[in-house]
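Before any comments, here is the structure.
No lab work stands behind these numbers, since they all come straight from the coordinates. Since we're looking at a predicted model, the values are computed, not measured. Cβ: placed from backbone, ideal geometry, glycine included. Neighbour counts: every protein chain shown.
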Amino acid sequence: MSCSRIFVLFVYHLTLAFLLQKAFGAFNCFSSENFAANSPYESNVNGLISTLSTQTPQTGFGQASVGQSPNQVYGLALCAAYMSSSSCQTCVEQAGNEIRNNCPNNKGAIAWTNQNGDCLLKYSNVEFFGQVDNQNKVIYLNPNTAGNPEAFSRQTNGLLLQLSDQGSVRANRSAAGELQVYGLQKAYGLTQCTRDLSSSACKQCLEALIGETLPTCCNGKEGARVFSGSCTLQYETFPIIPA
Ligand SMILES: *[C@@H]1O[C@H](CO)[C@@H](O)[C@H](O)[C@H]1NC(C)=O
């Protein structure tokens with residue numbers, strides 16, 4: 001609980017550094033407006049989360065709107081492209097619980113369930129479909145510095161750009177790949193966008209994280225995971241996708 005609260009602070013400051021392999025989630029209650037308990041908006045938020053929990057596991061992505069203005073709520077949920085539908089369902093339900101527990105009356109919120117980027121859930125009273133959201137963002141940093149930081153970053157950023165190109169035109173908006181960096185060292189990358197984004201918006205989202213975010217948080221490190229409201233990227237020196 002206190003860990004989650006610390007996270008909110010960090011999400012606002014857009015700089016998160018956490019040791020890997022810990023199952024923390026992160027969230028951000030981003031609206032300046034609140035709703036009252038037992039209000040129509042609250043029941044629409046609950047309805048939306050339940051719709052997304054049913055819809056998302058079918059394809060790995062869900063998008064819905066519930067209710068009528070002024071209580072209409074818009075939302076989406078995304079699971080990592082490699083997840084099974086049953087683990088996707090568990091994950092979206094967990095994201096829904098985290099949002100309801102941590103942002104009990106905020107009109108807009110987002111939760112990322114864990115540092116593997118397994119799933120995210122976002123809702124807002126302001127329609128946001130198709131728009132790149134890199135304001136909401138969480139960053140997990142592998143604390144190890146690469147042997148040859150400059151070359152390593154150049155190569156991993158090149159891999160991520162290539163994956164952005166590949167993945168943005170696919171239905172699942174996701175791509176995974178690897179490259180030989182130096183000696184026997186390999187680097188693995190994974191990118192994904194929410195599927196409300198067009199191919200060009202997806203590419204734009206990822207290119208901003210690669211070109212603007214990574215150089216300020218992560219370049220030179222052996223691994224990083226950046227999850228925004230619209231796209232996610234990860235690179236590590238070990239395979240990212242669970243076997
Ligand atoms: C995304 O879709 C492509 C086929 O279009 C598939 O090859 C790939 O495995 C899927 N998932 C990921 C994580 O790339």
*Comparing V45, V138, V181, which has the greatest mean-square fluctuation in the GNM of the chain with Cα pairs linked when under 10 Å apart?*
V181
*Normalised contact order of the range 24-128, rounded percent, pairs of Cα under 8 Å and 6 or more residues apart*: 36
*Would you work out the charge dipole size for the chain about its Cα centre, treating the Cβ of every Lys and Arg as +1 and the Cβ of every Asp and Glu as -1, and quote it to the nearest 20 debye?*
140
*Using Cα pairs under 8 angstrom and six or more residues apart, how large is the relative contact order of the chain, in percent?*
20
*Compute from the Cα atoms of the chain the Rg and the Dmax, the latter being the longest Cα-Cα distance, and quote both in angstrom.*
17.5, 60
*Please work out how many pairs of lysine residues in the chain are eight or more positions apart (or on different chains) and have Cα atoms closer than 27 angstrom.*
14
*Picking from V92, N144, S200, whose Cα lies most toward the positive end of the charge dipole for the chain (charges on Cβ: Lys, Arg +1; Asp, Glu -1)?*
N144
*asked:* Checking a compactness column here: for the range 138-236, what do you get for Rg(Cα) / (2.2 N^0.38 Å), N being the number of residues?
replied: 1.00
_For a distance above 23 Å, tell me the whole-number percent of Cα pairs in the range 24-128 that qualify._
19
